[in-house]
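Undergrad: The structure's right below; bear with me while I get my questions together.
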Amino acid sequence: MRKCTVCGNIVEEGANFCTACGASGIVEVEEPTYVSPVVPTVDNGHGNIPMGILGAVLFALLGGVVYFLLYQMDIIAGISGLIIYTLAAFGYGLFARSKNKTSLVRLIAAIVLTIVVIYLAEYLSVAYAVYDELDTFGVSFSEVVEAMPELLEEPDVSEAVAEDLAFAYIFAFITCIGTVVATVKARNTQKKFQQEQ
C-alpha cells in the first residue's frame, strides 16, 4: 500500500502524486493489521464439574465418617454438619481444580451433599447404637439397618434423631450462609461487568 507523506492519504498504485494534496512524497507502507480489542473474559470458576462432584462426594462421605465417630463418642454431632459442608466444598475445589470458592456448582453440590450425608450418617449412627445394644442377642448390623424404618416410628427414637439432625443442619446452615452470600455478590458483580461490556 502507498501513502502520501504530507497528508497521509492512500495513493493508488502507479500514481506519482497524491490525488488529495498533489504532493510527490509517496512511500510504501505495510498493510495495517486489525487487532481485536482485548475483552476480559470472566472464568466461570466451576472447573471440571464431574470431577468436582466426585471430590465433593468423597470428602462429604469422609465428613460422614467423622459424624459417625463423634456420635459413638457421645459428642454432639451437630458440629459435624459444619465439617461435612466444609469437606464437600473443599473436595469439589480439589478435584475440579478450581480455586473459585464462590462457584455456584460448588455451592449447590456442597449443600446437597451435606443434607444427604448428615441424614445418612445419623441413620447409620443410630443403627449402630441399636446394634451395639442388641449385639449380645445375636442381631447383625444389617438386620438393624433393615429394621430402622420401624425403629424411627418409635417416639423416643424419632425425637432423638430429629434433635440430632436439627443441630447438624443448623451448624451446616451457619457455615454455608457466608458462602451463599459471597456467591450471590460475586455473581451480581460478574453480571454488572458483562453488561458494561
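The values are calculated or read from the model by the stated rules, or taken from the named source; none is laboratory data. Quantities reported herein were computed from a predicted structural model and do not represent experimental measurements. Here Cβ is always computed from backbone atoms with ideal geometry, including for glycine, and neighbour counts include all displayed protein chains. Quick note on the areas: whole protein, heavy atoms, side chains included, nothing else; ligands and nucleic acids left out. Shrake-Rupley method; radii C 1.70, N 1.55, O 1.52, S 1.80 Å.
Undergrad: Look through region 25-58, keep the residues that are at pLDDT below 75 and surrounded by 14 or more Cβ atoms within 10 Å (Cβ to Cβ), and return whichever of them is nearest to Gln190 (Cα to Cα). So that I can check it myself, show each step before the final result.
TA: So the first thing to find is which residues in region 25-58 are at pLDDT below 75, and the list is 25-27, 29-46.
Checking which are surrounded by 14 or more Cβ atoms within 10 Å (Cβ to Cβ) leaves us with 26, 45-46.
Working: Ile26: 50, Gly45: 11, His46: 14 Å.
Ranking the candidates gives Gly45 first.
Undergrad: Still on this structure: Any idea which of Glu159, Glu122 is acidic (Asp, Glu), out of contact with any strand residue (DSSP E or B) (no Cβ under 9 Å at 6 or more places or on another chain) and buried (at least 17 other Cβ atoms within 10 Å of the Cβ)? Steps first, answer last, please.
TA: Values: Glu159 fails: buried (at least 17 other Cβ atoms within 10 Å of the Cβ).
The conditions single out Glu122.
Undergrad: Out of (1) surrounded by fewer than 16 Cβ atoms within 10 Å (Cβ to Cβ); (2) in contact with a Phe, Trp or Tyr (Cβ under 8 Å, 6 or more places away or on another chain); (3) modelled with pLDDT under 85; (4) not acidic (Asp, Glu), what's the single condition that is false for Lys99?
TA: With (1) surrounded by fewer than 16 Cβ atoms within 10 Å (Cβ to Cβ); (2) in contact with a Phe, Trp or Tyr (Cβ under 8 Å, 6 or more places away or on another chain); (3) modelled with pLDDT under 85; (4) not acidic (Asp, Glu) applied to Lys99, the lone miss is (2).
Undergrad: Condition first: in a helix (DSSP H, G or I), surrounded by fewer than 16 Cβ atoms within 10 Å (Cβ to Cβ) and at pLDDT 85 or above. Now tell me which residues in region 130-144 satisfy that. Let's see the steps before the verdict.
TA: Initially, region 130-144 is screened for residues in a helix (DSSP H, G or I), giving 130-137, 141-144.
With the extra rule that they be surrounded by fewer than 16 Cβ atoms within 10 Å (Cβ to Cβ), the set shrinks to 132-137, 141-143.
Within region 130-144, Asp132, Glu133, Leu134, Phe137, Phe141, Ser142, Glu143 qualify.
Undergrad: Which of the residues belonging to region 170-186 are within 30 Å of Leu120 (Cβ to Cβ) and surrounded by fewer than 17 Cβ atoms within 10 Å (Cβ to Cβ)?
TA: Ile170, Phe173, Ile174, Ile177, Gly178, Val180, Val181, Ala182, Val184
Undergrad: Another one. Anything in region 92-147 that is polar (S, T, N, Q), farther than 30 Å from His46 by Cα and touching a residue at least 12 places away in the same chain (Cβ under 8 Å)? List them, or say none.
TA: Of region 92-147, the ones polar (S, T, N, Q) are 98, 100, 102-103, 114, 125, 136, 140, 142.
Still in the running and farther than 30 Å from His46 by Cα: 125, 136, 140, 142.
Once the filter is applied, which keeps residues that are polar (S, T, N, Q), farther than 30 Å from His46 by Cα and touching a residue at least 12 places away in the same chain (Cβ under 8 Å), region 92-147 yields only Ser125.
Undergrad: Checking Val105 against (1) open to solvent by less than 20 Å² (accessible area, probe 1.4 Å); (2) farther than 24 Å from Asp164 by Cα; (3) assigned to a helix (DSSP H, G or I): exactly one of these is not met. Which one?
TA: For Val105, the failing item is (1).
Undergrad: Next question. Name the residues in region 59-95 that are out of contact with any Ser or Thr (no Cβ under 7 Å at 6 or more places or on another chain), modelled with pLDDT of 90 or more and buried (at least 21 other Cβ atoms within 10 Å of the Cβ), would you?
TA: Matches in region 59-95: Phe59, Gly64, Leu87, Gly91, Tyr92, Phe95.
Undergrad: Filter region 108-119 for residues that are among the β-branched types (Val, Ile, Thr) and either outside any helix (DSSP H, G or I) or open to solvent by less than 20 Å² (accessible area, probe 1.4 Å) (or both) and give the result. If you could, list the steps in order and put the result at the bottom.
TA: Step one: list which residues in region 108-119 are among the β-branched types (Val, Ile, Thr), which gives 108, 111-112, 114-118.
Correct list: Thr114, Val117, Ile118.
Undergrad: Of these, Ala172, Ala147, Ala186, Ala168, which one is part of a helix (DSSP H, G or I), modelled with pLDDT under 80 and of a type outside the set (Phe, Trp, Tyr)?
TA: Values: Ala172 fails: modelled with pLDDT under 80; Ala147 fails: modelled with pLDDT under 80; Ala168 fails: modelled with pLDDT under 80.
Criteria check complete, one pass: Ala186.
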